Amino acid sequence: VSTSRIVSTVTGFPVQPNKAIVGANAFAHESGIHQDGILKARETYEIIRAEDVGWAKNKIVLGKHSGRNALRSRLHDLGILIKEKEELSRIFIKFKNLADRKHEIYDEDLHALVAGRSLQDKKKYQLVALQACSEIGKKPYAKITLLINGMEMNAEVSGSGPVDATFCAIEKIATSRARLQLYSVNNITKGTDAQGEVTVRLKKDRRIVNGHGADTDIIIASAKAYLHALNKLAQPETRAHPQHDI
């Protein structure tokens with residue numbers, strides 16, 4: 001690999017990613033059946049080791065073609081142990097849904113997916129549908145459908161921006177009277193198809209809670225974060241200092 005890079009530098013010709021042995025994708029595996037074979041017996045698809053030609057190691061690329069075994073293996077490498085098959089299946093479904101929207105899944109994406117599995121299955125507020133529109137010269141608006149205790153409710157509200165309109169639409173249905181104290185957006189993966197993570201902080205009476213939401217669509221991530229916070233407010237207060245719930 002080092003020799004190939006020297007030749008590439010001298011000649012000015014870049015090494016194609018799919019070039020055998022020295023290409024960046026030479027030892028990368030994305031297909032589920034290939035990944036499963038590599039994890040069980042490397043010799044199944046690699047006649048030489050990546051380390052023998054200058055690469056640090058082979059690469060398992062997590063994407064829409066990856067299977068459960070590859071996902072479980074990567075989670076294990078990250079120190080996340082999933083023992084129950086049902087729990088792995090739930091995470092795998094979320095993983096496949098995200099992979100349909102992204103070309104490659106990064107470690108940060110996996111952490112975000114696994115973090116979501118600890119939330120209670122029974123929630124008072126659930127997002128069913130969301131449409132947000134923002135055009136030059138027109139006031140942004142949002143149409144939203146929420147499932148509240150098993151009943152669907154709809155609202156359409158305009159706002160100063162698509163996020164503001166979305167939050168106002170949620171409040172029109174929930175009528176929580178909570179005040180927004182913090183709105184933060186972080187890019188947790190790289191690329192134009194990156195997954196964004198939104199954090200909101202709501203205050204109602206003496207309670208302060210944080211909500212988190214992640215999605216490739218930042219408006220949907222914002223709605224998820226706001227609803228996450230509302231679901232916390234809907235639960236009985238069990239902490240002496242709920243403001244520490246970050």
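The values are calculated or read from the model by the stated rules, or taken from the named source; none is laboratory data. From a predicted model like this one, the values you see are computed outputs, not experimental measurements. Virtual Cβ from ideal backbone geometry, glycine too; neighbours counted across all protein chains shown.
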**Request:** Please give the strands (runs of 3 or more DSSP E) falling wholly within the stretch 133-223 in which 2 or more residues are of a type in the set (S, T, N, Q) and in the same structural domain as residue 235 (by TED's automatic domain parsing).
**Result:** 151-158, 179-187
**Prompt:** Out of the residues in the stretch 193-244 that are polar (S, T, N, Q) and modelled with pLDDT of 85 or more, which is nearest to residue 142 (Cα to Cα)?
**Reply:** 222
**Asked** Can you tell me which residues in the stretch 220-237 are hydrophobic (A, V, I, L, M, F, W, C) and either at positive phi or buried (at least 21 other Cβ atoms within 10 Å of the Cβ) (or both)?
**Response** 221, 223, 225, 227, 229, 230, 233
**Message:** For the stretch 15-54, give me the residue count where each residue is farther than 22 Å from residue 66 by Cα and acidic (Asp, Glu).
**Reply:** 2
**Prompt:** So is residue 76 free of Cβ contacts under 8 Å to residues at least 12 places away in the same chain, on the phi < 0 side of the Ramachandran plot and surrounded by 11 or more Cβ atoms within 10 Å (Cβ to Cβ) or not?
**Reply:** yes
**Request:** Just give me the residues in the stretch 4-59 being without any contact (Cβ under 8 Å) to a residue 12 or more places away in the chain, among the polar types (S, T, N, Q) and touching a Gly at 6+ places or on another chain (Cβ under 8 Å), in sequence order.
**Result:** 16, 44
**Item:** Condition broken by residue 70, with the remaining ones in (1) within 19 Å of residue 105 (Cα to Cα); (2) touching a Phe, Trp or Tyr at 6+ places or on another chain (Cβ under 6 Å) satisfied
**Value:** (2)
**Asked** Quick one: is residue 82 more than 23 Å from residue 23 (Cα to Cα), surrounded by 15 or more Cβ atoms within 10 Å (Cβ to Cβ) and β-branched (Val, Ile, Thr)?
**Response** yes
**Request:** Take the stretch 54-106 and flag every residue that is part of a helix (DSSP H, G or I), closer than 17 Å to residue 40 by Cβ and small (Gly, Ala, Ser).
**Result:** 70, 73
